[in-house]
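Step one of this worksheet: look at the structure below.
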């Protein structure tokens, strides 16, 4: 499967694969023209899940590197300090579970850590070994087959995806060169990259830090004010840009299932549909209690309950847009109804 538009059809593309370290070293090969994506047996993957003992620790001002050994091999696992929050560095001999992005550095494979945790129960390591063996035999070794209906309509799907990208692309062709050399341009490039690569999937700052095209833009931005660039400077620019995008409501931050901080694009269309659904359900189920309209704070609470990570500024902007479009109206201050 060499078509990037189809990578995400395979469920393992969005899931850390449970493996031995030898599998990472021997069987994961970068896809041509897609250095952040790897071919693993019959599947296209990005992340892995390993379990082992820390046998070496090293650190610089911006990164901690752990060498992890699981008995089948050793691999370096990198943890950017700005993503650690209150997390303390682990010591030699600690049994850990590591989930992260596979990458290359100086021609060697490494794992850029999304989450790392100490394993207190020895059964966890045994369970991991059994899962790695069983899933490799029953799942990983079997090639993912693209459904016939997708293969038959591939050209139509590509055109539809390209049109969708054009619709959401906030950067006009004539403006792009000028924007790329500024912080604002870098932020727009982040939004475009995330939209094309992840859509509504969660991503981490590490995912963006290892993206070659964003790194090149960051280097040009920094080159205006600095004599050369270093990883730490690119990292600081990325963190600043993500904070700005969070404050503007273009993206939202949360924690993923592994406890690591992650981000997600704001889905304006889906949020509008949920707002309409919430108001309609509230009126239908509690008609005797709803005389004027549904309060905005109640709508926001229900949106969060339905799985959204809500940015306050963007949520208010969503309601204001719906009022302008005529899909909602203010029945009183901060209360909304759907037109009859």
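Assorted remarks:
- Single residue of 208, 179 found to be at pLDDT 85 or above and touching a helix residue (DSSP H, G or I) at 6+ places or on another chain (Cβ under 6 Å): 208
- Any hit, region 156-174, residues being modelled with pLDDT of 75 or more and assigned to a loop (DSSP other than H, G, I, E, B): no
- Restricting attention to region 23-46, the residues being farther than 30 Å from residue 237 by Cβ, touching a strand residue (DSSP E or B) at 6+ places or on another chain (Cβ under 7 Å) and surrounded by fewer than 18 Cβ atoms within 10 Å (Cβ to Cβ) number 4.
- For region 90-117, filtering for residues that are part of a strand (DSSP E or B) and farther than 20 Å from residue 206 by Cβ leaves 1.
- Members of region 47-89 that are surrounded by fewer than 19 Cβ atoms within 10 Å (Cβ to Cβ) and assigned to a loop (DSSP other than H, G, I, E, B): 60, 61, 62, 71, 72, 73, 84, 85, 86, 87, 88, 89
- For the residues 103, 119, the requirement of being out of contact with any helix residue (DSSP H, G or I) (no Cβ under 8 Å at 6 or more places or on another chain) and buried (at least 16 other Cβ atoms within 10 Å of the Cβ) singles out 103.
- Residue in region 42-57 that is at pLDDT below 85 and under 19 Å from residue 139 (Cβ atoms) present: yes
The values are calculated or read from the model by the stated rules, or taken from the named source; none is laboratory data. Please read all numbers here as calculations on a predicted model, not as lab measurements. Cβ coordinates were reconstructed from backbone atoms using ideal geometry, including for glycine residues, and neighbour counts include every protein chain displayed.
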